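Data first, discussion second: the structure below is written as structure tokens.
The values are calculated or read from the model by the stated rules, or taken from the named source; none is laboratory data. Owing to the predicted nature of the structure, the values given are computational and were not obtained by experimental measurement. When we count neighbours, we look across all protein chains shown, and the Cβ atoms used for this are built from the backbone with ideal geometry, even at glycine.
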Amino acid sequence: MQSRKIVDLRKRKPGAHTRPFSFREPPRRSSSSPERLRTRRRRFRVIGALAIVIVLFAAAYGASWASYLPAYSIQDVRVAGASEVPQELIRSYVETKLHDGRYSFLSRSNIFFYPRESIERAIVEYFPRVKNVKVSRESLLATAITVLVEERETFAKWCSYDECYFLGNGGFVFASASSSAPTASGYVFRGGISSTTSAIGQQYLPGNFAGALALLERLGQAGYPAREIMAKDSKDFTVRLQQGFEIRASYGADVGALVKNLELILASEPLRGKEDALEYVDLRFGNRVYFKLKGEELQGGE
């Protein structure tokens, strides 16, 4: 029998053991490395920004929704101070401004956000007879608004050949009038407004009305009350007095000097006691005053 050679591997020499393959574990990265921290921070920022956007959107939606709640909406419109303009007409106009049929982010009829100043301006523009408007509420949570109206005074009339209109003390034409309608001053103004368009809404003698009115007042104080005022052009106008004659003057002239010159010429020898025969006095040339008697030639004096 052939003998077998046997090697006992369990009796290896120290150090003789070797591994057929060597596997090296990769080094572990530290979780606190700068790049990983930056990535984490960016993620937190994005999440935070998104959360803020969501909160803001929710808050905006909530505010919009709350603005339409009946408890915070205007339920009643009260009008005071109007006599010539129907109160119901003003009330209806205000309601159309509060409910214009368009969707607004915040309700236009909300008691906190309703367009108060816009409504005030719109009423004055839409109703020429209205001079001023004040819109208010009685208390913080009141659901009714009060529209306090100040109408224009019928100070005088402006008349064309066939129509008359009321005119305020600032020269603003605001309503139709009959030729016999009374006014506060009794003055009748003519000319100075284009006849091709409606006189309502136009300004009589813009820039010169106050000066012309000052002359009329001084004439009345001096005993020569005015009856009619005619604007001739951009420079001159005439005033017909109750005595029957007219005076001619220019815009911007000194009112005191005009009245003084009128008194002097009427007291002069050629005109003393002849006011009934006088046709006009021309005060446009300073101290040189011209006058004309009915049926006579133009004369002058200083």
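Which residue is farthest from the chain's Cα centre (by Cα), if the candidates are limited to the stretch 61-120 and must be assigned to a loop (DSSP other than H, G, I, E, B) and among the acidic types (Asp, Glu)?
Going through the stretch 61-120, the residues assigned to a loop (DSSP other than H, G, I, E, B) turn out to be 68-69, 74-75, 81-86, 99-109, 111-115.
In the following step, the residues that additionally are among the acidic types (Asp, Glu) were identified as 84, 100.
Details: 84: 23, 100: 19 Å.
Step by step, filter the stretch 61-120, then rank; the result is 84.
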Filter the stretch 114-172 down to residues that are over 28 Å from residue 103 (Cβ atoms) and in contact with a Pro (Cβ under 9 Å, 6 or more places away or on another chain), then give me how many there are. 4
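When the residues of the stretch 128-168 are filtered to those that are among the basic types (Lys, Arg) and touching a Leu at 6+ places or on another chain (Cβ under 8 Å), which remaining residue is surrounded by the fewest Cβ atoms within 10 Å (Cβ to Cβ)? Break it down stepwise before answering.
Of the stretch 128-168, the ones among the basic types (Lys, Arg) are 129, 131, 134, 137, 152, 157.
Now narrow it down to the ones that are touching a Leu at 6+ places or on another chain (Cβ under 8 Å): 134, 157.
Details: 134: 13, 157: 24.
Only one residue tops the list, namely 134.
Return a yes/no flag: does the stretch 71-81 have any residue that is hydroxyl-bearing (Ser, Thr, Tyr) and surrounded by fewer than 13 Cβ atoms within 10 Å (Cβ to Cβ).
Narrowing the stretch 71-81 to residues hydroxyl-bearing (Ser, Thr, Tyr): 72-73.
After this cut, where a residue has to be surrounded by fewer than 13 Cβ atoms within 10 Å (Cβ to Cβ) as well, the list is none.
The answer is no, given that none of the residues of the stretch 71-81 is hydroxyl-bearing (Ser, Thr, Tyr) and surrounded by fewer than 13 Cβ atoms within 10 Å (Cβ to Cβ).
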Condition check for residue 228: farther than 23 Å from residue 162 by Cα and either out of contact with any Leu (no Cβ under 6 Å at 6 or more places or on another chain) or surrounded by 14 or more Cβ atoms within 10 Å (Cβ to Cβ) (or both): no
Qualifying position, being of a type in the set (Ser, Thr, Tyr) and modelled with pLDDT of 95 or more, among 107, 92, 83: 92
Any residue in the stretch 250-266 that's in contact (Cβ under 8 Å) with a residue 40 or more places away in the chain and within 20 Å of residue 292 (Cβ to Cβ): show its pairings with residues that are among the charged types (D, E, K, R) and assigned to a helix (DSSP H, G or I) at Cβ separation under 6 Å, as long as the two are six or more apart or on different chains. 259/218
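Considering each of 19, 41 in turn, give the residue that is modelled with pLDDT under 85 and part of a helix (DSSP H, G or I). Walk me through it before giving the result.
On the way: 19 fails: part of a helix (DSSP H, G or I).
So the residue among 19, 41 that is modelled with pLDDT under 85 and part of a helix (DSSP H, G or I) is 41.
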Test residue 285 against the stated conditions and say whether it is surrounded by fewer than 14 Cβ atoms within 10 Å (Cβ to Cβ), at pLDDT below 95 and aromatic (Phe, Trp, Tyr). yes
Count of the stretch 209-248 residues which are among the small types (Gly, Ala, Ser) and either within 32 Å of the chain's Cα centre (by Cα) or farther than 21 Å from residue 277 by Cβ (or both): 7
